[in-house]
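A short worksheet on the structure shown next.
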Amino acid sequence: MDCIGAIDQGTQSTRFFLYDAQCRPLASAQVEFPQVYPHAGWVEQDPMAIWASVQEAVRQAMEQARGEFPQLTVRAVGITNQRETTLVWDRSTGQPLHNAIVWLDNRTSGVCHAMAQQLGSQNYFRPVTGLPISTYFSAYKLKWLLDNVPAVAAAAADGRAMFGTVDSWLIYQLTGGVDGGLHITDVSNASRTNLMDLRTLSWHEPTLRLFGVPPAMLPQIRSNAEVYGTVKAEGPLKGVPIAGCLGDQQAAMMGQRCAVSEAKNTYGTGCFMLLNTGPELVQSSHGLLSTLAFQLGAGAAPHYALEGSIAIAGQGISWLRDRMGFIASAAESEAVAGSVPDSGGVYFVPAFGGLLAPWWQDDARGVIVGLTQYSTKAHIVRAMLEAICFQTRDVLEAMQADSGTARLPVMFVDGGASQNDLLMQMQADILQVPVRRPAHLETTSLGAALAAGIGMGMLTAEQAFTDLKHNTGGTLFQPRITPAAASRRHAKWKLAVERSFALAELTADLQEESEPRGEAAGPPAAQAAAGSQAAAGKGKS
């Protein structure tokens, strides 16, 4: 049996899927790996732990598949990955020079503010890269590494440094690592660095100079569907061609087979909506990103997209579970939120590290407003689910204004949190748009497999977008409230969002605010007791 493998390297875990020729999943495995939080707002990952999670997920899935399908042959493998997360490793040793800085890390806020001031606008790069100045994108993380990590700076000066997003790191490891591993990326991941010209699909030299990035440390940019090389790393995929690669959100768009003027929304750690604008590069004037959708072959014309990125979606639910103890599991959020008919006037803006599209307020911080004595944890849990939906409406309204697209006939959804029926019904209500959830939710992995199939010549792009488009089944959620009710609730949400702005100073200098007085000083009661003892001692002498 011929099949296609898909490595889906996400923010909190790695999955590996095997699909048959009809895009039906045959086997899968998921392996989590730890996050590193050195300071408030900083998020890192160990690059070797990422690579180990890929190896283990592949091993588990292949073991499972060979038990059920002994004659199975993997014809190609595709890769999809968390985007923007930034790595630098040593060309001579193949070893990381620092932990990976994760896409939602906000340590570069100072770099961004200084650059926006220097260049005179937060939108200085938009005409070339499609992106605003933001902590979100790889170039700012790379500049921080070059400026703050001596090992990275020295390796860059010596020509030993290799920069890449997670796709580059995985392809390098899969194709041999220090022993001849390929140093490449694809157009979708490159478009998220803020270093690529969206029109030429090449690194933009004036921008490289502004960031102080030596061109020698950059990977070669390739299309999303072509044979890059073969797997040389030991394991069950050794000898298999790597034939497809996309950033995770572009892969989900591919997996949903979004045609021109169709949109999808992925509910994962964050929330990401993309609208396929076809061969037209649409510049946003409403706080969205202009980005690559896909280029399905080395000579193929690229498709572009408008994207709205929301930092906190599923991670907000995880916060309610792990930090607050309001729920025992992510799945329990549906029952707890459903135990009350509404949020009781509570609005939760989960701006833990700032707000992304369409607000781009990196000094925003999380707020819960509208609390009364009537409020319970169920209202707060429901308000968190509603926050995901309201943020999605913010993005959709901006998207329609930028593109001139009329009301969407349907919103395609996927990702782990889309399994929550209450969340999806809320989303249909607040958007006033039908929401379609496919039977196979892992559209990110499916998109990588489709790209690899196209890259290997096992199917054409036309076949992927037509013959297989409606082979997914699923569930349709229709709006149940009136447009007027949805608009009233959205207006209240925007009031809450405004309350979250310019609050970063609340979490600044926390250590200084708890600075002890010193050894000589203590609590007032202790000082008084010491004084009394001293006085008593003097009297006795």
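Quick rundown of the values:
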| item | result |
| --- | --- |
| Residues of segment 256-269 satisfying the condition of being surrounded by fewer than 24 Cβ atoms within 10 Å (Cβ to Cβ) and of a type in the set (G, A, S) | A259, S261, G268 |
| Options V433, V395, V381, V413; residue that is part of a strand (DSSP E or B) and not hydroxyl-bearing (S, T, Y) | V413 |
| Residue ID - surrounded by the most Cβ atoms within 10 Å (Cβ to Cβ), chosen from residues in segment 117-133 that are part of a helix (DSSP H, G or I) and not hydrophobic (A, V, I, L, M, F, W, C) | T129 |
| Which numbered condition Q250 misses (of (1) in contact (Cβ under 8 Å) with a residue 40 or more places away in the chain; (2) of a type in the set (S, T, N, Q); (3) within 23 Å of Q12 (Cα to Cα); (4) open to solvent by 20 Å² or more (accessible area, probe 1.4 Å)) | (4) |
| Residue match in segment 225-245 (condition: hydrophobic (A, V, I, L, M, F, W, C), at pLDDT 95 or above, within 20 Å of the chain's Cα centre (by Cα) and buried (at least 24 other Cβ atoms within 10 Å of the Cβ)) | yes |
| In segment 70-116, the residues that are hydrophobic (A, V, I, L, M, F, W, C) and part of a loop (DSSP other than H, G, I, E, B) | L72, L97, V102, W103, L104 |
| Which listed residue, of I184, I221, is open to solvent by 30 Å² or more (accessible area, probe 1.4 Å) and under 21 Å from the mean Cα position of the chain (by Cα) | I221 |
| Helices (runs of 4 or more DSSP H) wholly inside segment 134-182 containing at least 1 residues that are over 23 Å from N224 (Cβ atoms) and modelled with pLDDT of 95 or more | 138-148, 150-158 |
| Tally, over segment 431-454, of residues that are open to solvent by less than 20 Å² (accessible area, probe 1.4 Å) and over 23 Å from the mean Cα position of the chain (by Cα) | 3 |
| Any pair with Cβ under 8 angstrom, 6 or more apart, that starts in segment 43-69 at a residue that is touching a residue at least 40 places away in the same chain (Cβ under 8 Å) and assigned to a strand (DSSP E or B) and ends at one that is hydrophobic (A, V, I, L, M, F, W, C) and surrounded by fewer than 16 Cβ atoms within 10 Å (Cβ to Cβ) | E44/V36; Q45/V36 |
| Flag if K494 is in a helix (DSSP H, G or I), out of contact with any Gly (no Cβ under 8 Å at 6 or more places or on another chain) and at pLDDT 50 or above | yes |
| Residue within segment 21-36 that is part of a loop (DSSP other than H, G, I, E, B), of a type in the set (A, V, I, L, M) and open to solvent by less than 30 Å² (accessible area, probe 1.4 Å) present | no |
| Scope segment 267-292; condition without any contact (Cβ under 8 Å) to a residue 60 or more places away in the chain and within 20 Å of I310 (Cβ to Cβ); matching residues | F272, L274, N276 |
| Residues of segment 436-465 that turn out to be β-branched (V, I, T) and at pLDDT below 85, as a count | 0 |
| Some residue of segment 273-281 being under 15 Å from the mean Cα position of the chain (by Cα), within 27 Å of I454 (Cβ to Cβ) and surrounded by 17 or more Cβ atoms within 10 Å (Cβ to Cβ) | yes |
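The values are calculated or read from the model by the stated rules, or taken from the named source; none is laboratory data. Worth saying up front: this structure is predicted, and the values here are computed from it rather than measured. Cβ sites come from the backbone with ideal geometry, for glycine too, and all protein chains shown count toward neighbours. Quick note on the areas: whole protein, heavy atoms, side chains included, nothing else; ligands and nucleic acids left out. Shrake-Rupley method; radii C 1.70, N 1.55, O 1.52, S 1.80 Å.
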